[in-house]
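One structure is given here, and the rest of the page talks about it.
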Amino acid sequence: MRIALGQINPTVGDLAGNIALCTRFARDAAARGAELLVFPELCITGYPPRDLVEKRTFIPQSEAALHRLAAATADLPLAIVAGYVGRSQVTTGKQATNSAALIKNGKILFRQTKMLLPTYDVFDEARNFVPGAGQSLLTLDGRSVALTICEDAWNDKGFWPHRLYELDPVDELMKLGGSLLLSINASPFHLGKREMRQDMFRALGRRHNAPVVMVNQVGGNDQVVFDGSSFVMNARGEVIASAASFREDLVIADIETGVGDLRADLPDENDAVYEALVLGTRDYIQKCGFSKVLIGLSGGIDSSLVAVIAVDAVGRENVHGVAMPGPYSSEHSVTDARAMAEKLGIQFDIISITPAYEEMRRTLAPVFAGRPEDVTEENLQARLRGMTLMSLSNKLGALVLTTGNKSEIAVGYCTLYGDMCGGLAVISDVPKTLVYELSRIGSERRRSGGEHAADAEGAIPESVFEKPPSAELRPDQKDSDSLPPYDVLDNILRLYVEEFHSAKEIATELQLSEELVRGVTLKVDRNEYKRQQAAPGLKVTTKAFGIGRRFPIAQRYFENE
C-alpha cells in the first residue's frame, strides 16, 4: 500500500480554503501513485476550533465541507482520510464530535470519532466535544487499519508511567485484529516534543508489532505552533518516511517494501525553536489579516531577536523598526538599533520620547508634589513608547510585536500599557538565556541585505550580545539591579513554572538560598494580573504563560514546604 502523508497548514474556520488545500494535495498525491492520502486531525476546520463549534451553523457547514471534499476528489484513484467536526448521535450533552472520515469515489465510506478528549495544557476539548462511544477497524485493500485521532494514541501503558485515561483505544483496536496503526494529529510543538513523539509511537508500534503512520498538522494557530514532522515507521520502529518540520509537505511511503521519502530534519532543538517562532509569527500575522509589523528597537538583545524573526517571517519590506530614545537612553542603544536595521534592510525611524516625557512630568507635578521619584517615572517612559507604537499601528495598519521575554514576564519586569503593548508577544515563552542562543541563530541566518555569505557579519551587532541587559529607565540601570543573574533566574523559573516544584524543593535542587527562591516565586505569583492582560504569545516550552497555564489572579495560596 502506497500511503501519502498530507502535512498541511489549515486555517481555523476557513473551510473553503482548507478544502482547496486538501484537494490540491490530493491531486499531487494521486499523480505520485498514492493509494491512500492521510490528512491531520480536523484538517477541514483547522485545529483548535474552540468555541466556534458552539455556533449553530458550524457543525452543518463542517459536514457540508466534508461532502465537498469528497465531490472534488471523486475522480481520483485514491482513498482519503480527513478530520472534521461532526454531529453526535447522542441527544444529550455536547453535540460536536472530533471525527475522521474515509472518502473515496465521492463517497464517505467510514467514520471514526475521537474517544479521549484532552483537557490539559493548551487543550480543552471536553469543553466543546462529546467523546465517541466506541471505535471500529477500518478495512482498506484487505488490511485492517486502526484509525485513531491524536490523543487516542497517546495513552500507551507501555510508554507512559502515569496514564491520564483508563481507556486505551489503540489497544482495543489492535485486539480486534488491527495490522496497521494510523494516527492523525494536531500535536503542538515544544522543546523536545519531536523526539518524544517518535519515541512514543516507536514503543507503540513495537508493542503491537505493527507499522505506524503518524500525520501531524503544521503551522501556527494563535498561541500554538504545530511542527508537522510526520512520519511512517515499520513494525521494528524504524522510520521509513518522514516529512519536514515547520513547513507543508507531501511524502509517500510504501508499507509493503518499507521504502519512503525521507526529508532532512533540524537536529538541533534551538534551530527548531527558531523555526517555530518564525512560523508562528508568520501565520499569526497573515491569518489575522495583517502584512506589516512594527517593532520598538531598543538596541537590546530582545528587540533584536524579534526583528530578525519578523524579517524571516514576513520579509524585510514588511518590517518597520522604531527607536524611541528617552532621557536615560545611552547613545549606543540608538547606534546599535540603527546598525541592525541597516543590516536587515528594514525601515527605521527615530522618535524621541523625551519632549513628551518632560511635558508629562510638568503636567503631573502638582499632583505628585511632595512625593519622591520611583517606578512611576520609569513606567511613564515605557507607556509613552507604547502609546507611540500603538499610534503608528493605527496610522499605518501594522501589527505591533512586543519584545518581552519569558524571564521578564514571569517576574513582572515589564510595564502594563507600556512595553507590553502589542498584538503578538513573539518571545514571551523564550527564557532570557535562550534569547541569546536564538539571537545567534537568527543573526547568522539573516545576514546584511538578506545575503548568506559565510564571511559576512551577522545581522545583530556584536555589541548587542556583549552589553549588560538594561531597561534604561533610570541612570545606569541594569537588570541585575532588580533580578538574579539570568542563568540562575531561568533555572528557578523552569522548575517553578514548567515543573511545579515548590520553592523549598528548588532551593535544595539548585543549592540556592530559600529566601532568594521564594523572592522569585512570589514575584511570579503576584504578577499573574499582568500576564493575563498581555498579548498572546507563541508556545515553545512545555509550559507557556497563556491558555495552557490558568492560575487565578486573586488568590492567597502559599506553599508551606
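The values are calculated or read from the model by the stated rules, or taken from the named source; none is laboratory data. Only a predicted model underlies this, so the values are computations on that prediction, with no experimental measurement involved. Cβ coordinates were reconstructed from backbone atoms using ideal geometry, including for glycine residues, and neighbour counts include every protein chain displayed.
Details
- Breaking point among (1) over 19 Å from N405 (Cα atoms); (2) of a type outside the set (K, R); (3) touching a helix residue (DSSP H, G or I) at 6+ places or on another chain (Cβ under 7 Å), for A323: (1)
- Residue match in the range 164-171 (condition: within 26 Å of the chain's Cα centre (by Cα) and not aliphatic (A, V, I, L, M)): yes
- The single condition among (1) outside any loop (DSSP other than H, G, I, E, B); (2) at pLDDT below 95 that D199 does not meet is (2).
- Picking from residues in the range 217-246 that are within 19 Å of Y84 (Cα to Cα) and hydrophobic (A, V, I, L, M, F, W, C), the one that is nearest to the chain's Cα centre (by Cα) is F226.
- Breaking point among (1) part of a loop (DSSP other than H, G, I, E, B); (2) out of contact with any strand residue (DSSP E or B) (no Cβ under 6 Å at 6 or more places or on another chain); (3) closer than 25 Å to V122 by Cβ, for F558: (3)
- Criterion (under 26 Å from the mean Cα position of the chain (by Cα), more than 28 Å from A126 (Cβ to Cβ) and part of a helix (DSSP H, G or I)) met by exactly one of A29, A20: A20
- Test result for L434, among the hydrophobic types (A, V, I, L, M, F, W, C), under 19 Å from the mean Cα position of the chain (by Cα) and either at pLDDT 95 or above or under 24 Å from D481 (Cβ atoms) (or both): yes
- Taking the listed residues G93, G106, G83, G46, the one that is under 27 Å from the mean Cα position of the chain (by Cα) and on the phi > 0 side of the Ramachandran plot is G46, with no other qualifying.
- Hits in the range 335-370 - residues which are in a helix (DSSP H, G or I) and of a type in the set (F, W, Y): Y357, F368
- Test: G289 is surrounded by fewer than 24 Cβ atoms within 10 Å (Cβ to Cβ), in contact with a Lys or Arg (Cβ under 8 Å, 6 or more places away or on another chain) and in a loop (DSSP other than H, G, I, E, B): no
Residues are listed down the side, and each one gets a yes or a no for (1) under 16 Å from D490 (Cβ atoms); (2) in contact with a helix residue (DSSP H, G or I) (Cβ under 8 Å, 6 or more places away or on another chain); (3) not assigned by TED's automatic domain parsing to the domain that holds D222:
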position: T508; (1), (2), (3): no, no, yes
position: E514; (1), (2), (3): no, yes, yes
position: G519; (1), (2), (3): yes, no, yes
position: L522; (1), (2), (3): no, no, yes
position: D525; (1), (2), (3): no, no, yes
position: K530; (1), (2), (3): no, yes, yes
position: A534; (1), (2), (3): no, yes, yes
position: K543; (1), (2), (3): yes, yes, yes
position: I547; (1), (2), (3): no, no, yes
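- When the residues of the range 209-247 are filtered to those that are charged (D, E, K, R) and not in a strand (DSSP E or B), the one that is surrounded by the most Cβ atoms within 10 Å (Cβ to Cβ) is D222.
- In the condition set (1) part of a helix (DSSP H, G or I); (2) over 24 Å from the mean Cα position of the chain (by Cα); (3) within 21 Å of L277 (Cβ to Cβ), L305 is compliant with all but (2).
- Test: residue in the range 373-386 that is surrounded by 21 or more Cβ atoms within 10 Å (Cβ to Cβ), in contact with a strand residue (DSSP E or B) (Cβ under 7 Å, 6 or more places away or on another chain) and under 28 Å from K467 (Cβ atoms): yes
- Selection status of P468, more than 24 Å from T376 (Cβ to Cβ) and in a loop (DSSP other than H, G, I, E, B): yes
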